[in-house]
Amino acid sequence: MRGEKLMEASQGNICYVLESLVASNCSKSTSSGRARNEPVLESKDSKPVPPPDGGYGWVIVVASFLNQILSIGVPFSVGVYYVAFLEEFQGSKGLTAWIGSIHTGLLFGAGPLAGAVINRFSHRVAVMIGGLMGAVGFFLSAFSTSLYYLYASYGIVAGVGVSLVYVPSVVVIGEWFEHRRNFAFGLASSGVGLGNLIMTPVIQKTIDIFGWRGSLFITSGLFLQSCVFGALMKPLNGGKGAEKLQGKGLKETFHTDILHEWKFILLAINHILWNIGSLIYVVLIPDYAHMHTGTNMDTCAFLLSIFGVASFTGRILVAVITINKKISRFYLFLTATAVTGVAIALVPTTRDYIPLATFSAIYGLFFGIQIPLIAALATEMFGLERLPNVYGYFMFGDGVGALLGPPIAGWLFDLTQSFEAPFYCGGGVTIFAAIIILPISLSKLFQNRKTCIKSITKSASRVPLKTSESFV
């Protein structure tokens, strides 16, 4: 009896010691992992300076919010200029559409360049260069005499400028926030949704009053304000990150090593696929609603406004949801991607306006949830130091998907003379975009299990078991 009690007491002591050692090892490994994956910035006296998670960081959030209104709202208002350019230059719709295609394509395609400029200089410098380029591009476009002139001024100069404003305005949040990073990303990215809602009617009003040339002058002056907001984005580390790259080559500036990491490759494919699905939906939904519900085009186009409002709501919602640290941001991103795919695939199942409006709201809500999580996940998985480059490469993938989506939709419609194939294709590739990143989650689970087993084994080997005293 006495031996059994001694055995129970001994086992309890061993368990207590093991639990203490494992907890200690886990906390050490977590802190060391954080140090490896999220390099802390340094101050002038070389002491680590952790992100303040507030203070001047909220000024950065406001500046980022305002820049995202401009850098997304202006490019996606190109449709109102498209009509004016058609009337002015009497070109074909295809040739005129290239103005917006080049502009939007470079907004995404110049992402890697924007990341390199951030690394070489700073977020502030990148935004101010981009703001100046964009303003000059819009200003020169007001004097255009041909479509080819607009290809260069509006398409190339303004397109690259907009990208140089947008990318640093997003990733700068990661430098100033750590524990509230997801909340800050969500708040700042809501500027994209608001920009989509307000900039198109504002620009249309300026065209109605001042003509398209006068409107471009106003747009130029408006976009120049991004330089003011960029000036507020002072570097937390005093620019030491850029100093480290002085004398380095293109490999360090562009962080090309990231291109060989399998997790990055899967996420890049994910971006290409869900942007194909997104563009199929955005391009076809008004036409589908008009053809099958008998509703006029103005009402059908309102489906995109519903999408915009829901997207804005989703960005605010994810900022609130991710305050709870128990919610996995990766699984939230994966789920949001899958739900948007289901919403796209369900479109051909109805020919009534109300269900289509519901699908637009669901699609917009979860699309809005996805966007702020991109930068947050990139920071967690690849580190703060490489965030500008990773986000830039992801934007390039977005651009590839955006370029492929409309032609695929048109080809499938021409082939089948039906909207079913394009929407099923769009929904299918978006759902597959969610499935393709599942190995990242499985890898993380396996790694956590392996770490725990290793910690327990290592801890157990440190505990001396005196069997003669404990079990006799």
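Summary table
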read-out	value
Considering residues of segment 397-414 that are in contact with a Leu (Cβ under 6 Å, 6 or more places away or on another chain) and buried (at least 19 other Cβ atoms within 10 Å of the Cβ) only, the residue farthest from H103 (Cα to Cα)	A409
Filter result for S311 (in the same structural domain as S418 (by TED's automatic domain parsing), among the hydroxyl-bearing types (S, T, Y) and in contact (Cβ under 8 Å) with a residue 12 or more places away in the chain)	yes
Pairs with Cβ under 6 Å, 6+ apart, first in segment 279-293 and assigned by TED's automatic domain parsing to the domain that holds P407, second modelled with pLDDT of 85 or more and among the aromatic types (F, W, Y)	Y288/F419; T293/Y353
Segment 193-216: number of residues that are in contact with a Phe, Trp or Tyr (Cβ under 9 Å, 6 or more places away or on another chain) and surrounded by fewer than 18 Cβ atoms within 10 Å (Cβ to Cβ)	3
Enumeration of residues in segment 290-318 that are surrounded by fewer than 16 Cβ atoms within 10 Å (Cβ to Cβ) and modelled with pLDDT of 85 or more	M291
The one condition in (1) under 30 Å from H103 (Cβ atoms); (2) out of contact with any Lys or Arg (no Cβ under 9 Å at 6 or more places or on another chain); (3) touching a residue at least 60 places away in the same chain (Cβ under 8 Å) that P372 fails to fulfil	(2)
Subset of segment 54-83 (residues that are surrounded by fewer than 17 Cβ atoms within 10 Å (Cβ to Cβ) and closer than 17 Å to A142 by Cβ)	Y82, V83
Total residues in segment 346-366, condition assigned to a helix (DSSP H, G or I) and more than 17 Å from G193 (Cβ to Cβ)	11
Residue in segment 174-194 that is among the aromatic types (F, W, Y) and more than 25 Å from Q370 (Cβ to Cβ) present	no
Conditions (1) modelled with pLDDT under 90; (2) touching a helix residue (DSSP H, G or I) at 6+ places or on another chain (Cβ under 7 Å): number failed by G94	(2)
Conditions (1) closer than 30 Å to G174 by Cα; (2) modelled with pLDDT under 80; number of the one not met by V62	(2)
Contacts under 7 angstrom Cβ, first residue in segment 387-416 being farther than 10 Å from A268 by Cβ, partner not in a helix (DSSP H, G or I), 6 or more apart	N389/H255; F413/F419
Unmet criterion (only one of (1) β-branched (V, I, T); (2) under 26 Å from G57 (Cβ atoms); (3) at pLDDT 95 or above) for V136	(2)
Within segment 319-345, considering residues that are modelled with pLDDT under 90, assigned to a helix (DSSP H, G or I) and β-branched (V, I, T), the one nearest to W274 (Cα to Cα)	I321
G241 surrounded by 21 or more Cβ atoms within 10 Å (Cβ to Cβ), in contact with a Phe, Trp or Tyr (Cβ under 6 Å, 6 or more places away or on another chain) and modelled with pLDDT under 85	no
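The values are calculated or read from the model by the stated rules, or taken from the named source; none is laboratory data. The structure presented is a predicted model; accordingly, all values stated were derived computationally and were not measured. Positions of Cβ are generated from backbone atoms using ideal geometry, with glycine treated the same way; all protein chains shown enter the neighbour counts.
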